[in-house]
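Taking it in order: structure first as structure tokens, then the write-up.
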Amino acid sequence: MQVIETLAQGLKRELKVVIPADEMETRMNERLAEVKDRVRINGFRPGKVPVSHLKKVYGKSIMAELVNEIVREKPTEILTSRGEKSATQPEVAMTEDEAEADKILNAQADFEFTLAYEIIPAIELKDATGIKVTREVVEIGDDEVNEQILRIAESARSYESKKGKAADGDRVTIDYLGKVDGVAFDGGKDEDAELVLGSNRFIPGFEEQLIGVKAGDEKTITVTFPADYPAANLAGKEATFDITVKDVAGAAPIEINDELATKLGLESVDKLKEIVRGQIEGQYGSVTRQKVKRQLLDQLDELYQFETPERLVNAEFDNIWRQINTDLEQAGKTFADEETTEEEARVEYRKLAERRVRLGLVLSEIGEKAGVQVSDDEMQRSLFEQLRQFPGQEKQILDYFKNTPGAAASLRAPLFEEKVVDHLLSEVSVTDKTVSKEALMAEDESEDKPAKKAPAKKKAAAKAEAAEGEEAAAPKKKAPAKKKAADESAE
């Protein structure tokens with residue numbers, strides 16, 4: 001086998017691989033000898049079929065198998081022998097001429113194919129001890145814990161049907177049908193919807209118009225969807241809702257005690273407080289982690305500057321660009337609304353894609369050199385989290401990860417990255433700084449606002465950057481109509 005390098009430009013490589021016809025024929029004969037005693041051909045005793053006849057009957061099919069095996073196995077072997085790693089699966093090109101292909105299958109011509117790929121650049125690791133990051137920490141007071149418990153108690157409080165008019169804080173059970181210009185819209189219908197008046201779960205003006213209704217009342221209310229409503233077909237539109245009131249219920253008094261904890265499946269109110277404090281710590285800790293990671297990545301980005309494989313950058317850019325356009329479409333906006341142009345946005349997001357690819361390669365190299373490993377148990381826990389997020393779809397998800405090439409890697413990659421970040425944080429200088437929760441959340445909230453003359457690092461970009469710790473998740477305020485389908489459109 002001959003391997004001839006025909007292109008070495010930057011990270012791009014192209015190789016011509018030639019396997020002589022006589023070598024291919026030798027391989028075919030060896031394969032025929034292996035099957036000689038197993039084949040059954042009329043007119044011949046087992047094991048007595050002449051090789052020439054076997055070649056006539058099975059030669060081309062066996063040669064086709066050999067070609068497929070070579071194309072599948074040789075690229076990895078060739079790259080290993082050259083000490084190279086391909087950034088993506090090498091592209092294999094063979095002759096498309098039928099006459100030439102037939103000669104190859106009959107061992108009358110050399111088998112030639114080309115490999116085109118980009119190599120992963122050699123990365124010389126640098127000393128990370130000069131990196132300094134600030135870890136913002138929030139001290140959680142009893143008042144915040146109690147406030148959270150009060151919200152939990154409010155959501156778990158019981159209601160008892162009452163006679164008379166609904167007041168603020170009462171729960172009404174209603175059927176409703178929403179219409180725009182007299183036509184019902186998707187997601188604007190629900191039955192037996194429970195709504196606590198004053199909870200601000202529905203769009204502005206909806207709940208206020210239900211103050212004073214009684215069980216059995218039928219009423220039509222008129223509301224206007226906010227101009228920035230996520231569903232573009234409803235944003236800024238006036239809508240009517242035909243409502244049937246089925247029940248009005250008053251709320252029981254809120255009491256923070258062991259009885260409440262028991263109702264929530266806990267043994268005591270002290271245990272409830274402990275769990276709530278832990279949840280708050282986890283929420284703030286997640287934001288702190290993302291901010292520390294962002295600082296770390298920013299400094300790694302300054303330390304490492306090298307050419308990135310174009311194919312990896314293209315793939316990353318395509319992922320980001322799809323997300324950007326999906327976000328704009330769902331919001332009913334254009335690039336002009338974001339005070340930029342598509343061309344300018346492409347440039348900015350291309351830079352983002354290059355940064356993410358470069359940092360991914362750096363983290364991979366650091367992790368490999370440090371011996372970072374992702375255990376089977378960690379992979380199982382990650383898979384379980386995927387299953388937990390999609391109840392009822394467990395089988396489909398398991399089948400996907402079982403049967404889809406590369407699916408397992410999509411679980412492993414973020415786990416590996418986080419472990420590499422942990423490794424780096426054990427080496428760099430980390431300074432703790434106590435801040436208020438407002439200060440901790442301020443930057444992240446600002447990054448989730450629409451762009452103002454800076455398209456690359458705002459709402460859609462923040463989502464694209466989330467995988468590398470660029471954004472912490474911020475809670476979204478609910479809008480109009482209950483859950484399930486109603487949330488998707490009327491809300």
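FYI, it's all coordinate maths here, none of it is from the lab. Quick caveat: nothing in here was measured; it's all calculated off a predicted structure. A quick note on method: Cβ atoms are made from the backbone with ideal geometry, for glycine too, and the neighbour counts reach across all protein chains shown.
Annotations
- Residue 220 versus residue 16: modelled label distance in nm, points set 7 Å from Cα along the beta carbon direction: 8.0 nm
- For the chain, the membrane-span-like helix rule (DSSP H, alpha carbon extent of at least 27 Å along the helix axis, mean Kyte-Doolittle at least 0.0) picks out 407-425; this says nothing about an actual membrane.
- Most tightly packed first, judged by the mean number of other beta-carbon atoms within 10 Å of their residues, the peptides 429-441, 309-321 read 309-321, 429-441.
- Residue-averaged [θ]222 nm for the chain, counting only DSSP H segments that reach four residues, each worth -39500 (n - 2.57): -15500 deg cm²/dmol
- In Hz, Karplus ³J(HN,Hα) per residue of the stretch 120-133 (6.51, -1.76, 1.60; θ = phi - 60°; x = Gly, Pro): 6, x, 5, 10, 8, 5, 10, 5, 9, 5, x, 6, 10, 10
- With 32 Å as the limit, the listed pairs 163/189; 162/237; 189/291; 85/333 have 162/237; 189/291; 85/333 beyond it between alpha carbons.
- Entries in 132/273; 74/369; 12/351; 351/433 that, when Cα-Cα distance is taken, lie over 24 Å: 132/273; 74/369; 351/433
- Cα-based shape type of the stretch 78-206, given that a ≥ b ≥ c are square roots of the gyration tensor eigenvalues and the cut on a/c is 1.5: oblate
- Cα gyration tensor, the chain - rounded (a/c under 1.5), prolate or oblate: prolate
- For the stretch 269-441: rounded, prolate or oblate by the Cα gyration tensor [a/c cutoff 1.5]: rounded
- Under 15 Å from residue 402, Cα to Cα: aspartates and glutamates that are on another chain or at least 8 residues apart: 376, 394
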